[in-house]
1. Please report K165, K198 as a ranked list, fewest other C-beta atoms within 10 angstrom at the top and most at the bottom.
2. Arrange the following residues from fewest to most other Cβ atoms within 10 Å of their Cβ: D170, D81, D111.
3. Taking the Cβ of each residue in S160, S203, S99, S14 as the centre, tally the other Cβ atoms inside 10 Å and list the residues starting with the fewest.
4. May I ask what percent, to the nearest 5, of DSSP beta bridges between residues of region 5-271 are antiparallel?
5. Tally Lys/Arg at +1 and Asp/Glu at -1 over every other residue whose Cβ is under 13 Å from the Cβ of F226; what's the total?
6. Please list the non-local residues whose amide H lies under 5 Å from the amide H of I74, H modeled 1.01 Å from N, same-chain partners needing a gap of 5 or more.
7. First select every other residue whose beta carbon is under 9 angstrom from the beta carbon of D110; then total the charges, Lys and Arg +1, Asp and Glu -1.
8. How far apart, in nm, are the 7 Å Cα→Cβ label points at Y113 and S231?
Amino acid sequence: MFRKKVICVGCGGSIHFLETLARCGVGRFVLFDGDRFENTNIATQGAYLSDIGKYKTDVIKERIVQIHPDAEVIAVKRFVDDTLTDEAFAFLTGIQDDSPQDVLLCGCTDDFYAQDRCTNLAMRFGVPYLAAQIFAGGTGHEVLFWVPGLTEACPGCMLSTRYKKVLAGDAKEKGESAGTPPFITDHLNALKADFALKILCNSEETTKYYCSLEKYADRNYIMTSFEGEVSAPAFEPLYETEKTETDLTYPAATVAIGQDKEADCPLCAEKGT
Ligand SMILES: [Zn+2]
């Protein structure tokens, strides 16, 4: 676990995810975030009064080291966007010196273009990628991942409708996380941590996560609905069952939804990967 490196882009909402990975023994972290903690983050991101005004990366670095004193944590106080070149990213993360199975790049921002940049970086360097977002108001959340050589559909395939909408100006570039109860963020962080370990330890025979990713390889989009508020076809069988079965309800229902490679994917089709 000490060899494993988690690169997290956008750190505020991921504090508990990163702390959990440190508790699980992950030894190396690279944190990207240009923001400082504000008062509202006490309600939304697990910040304390003493954190206000400090860079999020510095605060999280301190917490990780409090859990895992030998952990190597690199705090990068900037955002990942088109102004960060591939070369600069490689230099800051040391990604080219690592075996891809020891690295996980996590896109944890609610900005479409930042997520897109992270996706491209993961595909460019051939390292596993995990992305997460909360739906408007916290009605649910999504986790998706891409592992070279294992998953067929890339994030572009999975989110092709969203890509087309944003690029056509028909959808917002930023998520609406306002009003999200903090426990929804914690729930998402728990799921992110579970899949992060599945990805990082899939090839590690001595761990309980050995080969745990195979069953999700073609179902690499995981969606959670709270109290049936998310309207999506994947949940319809659950909701139908709820209507007819008097003793079954599905609070915080999570489904892993089958994904296909898209012929006109904005990411992998052009590059032929
Ligand atoms: Zn694709």
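Laboratory data are not the source of any read-out in this text; all were calculated from the coordinates shown. This is a predicted model, so every value here is computed, not measured. Counting neighbours? That spans all protein chains shown, and the Cβs are built from the backbone with ideal geometry, glycine included.
1. Details: K165 14, K198 22.
Going from sparsest to densest Cβ surroundings: K165, K198.
2. Numbers: D170 9, D81 15, D111 18.
Exposure proxy ranking, most exposed first: D170, D81, D111.
3. Values: S160 19, S203 14, S99 10, S14 29.
In order of increasing Cβ crowding within 10 Å: S99, S203, S160, S14.
4. Numbers: 18 of 36 bridges.
The answer is about 50 percent antiparallel.
5. Working: positive: none; negative: E142, D186, E227, E229.
Residues near F226 contribute -4 overall.
6. Residues meeting the criterion, in which the H sits 1.01 Å from N, are F29, V30, L31.
7. Values: positive: K174; negative: D111, E176.
Counting the neighbours of D110, the net charge comes to -1.
8. Taking the simple label geometry, Y113 and S231 are separated by 3.1 nm.
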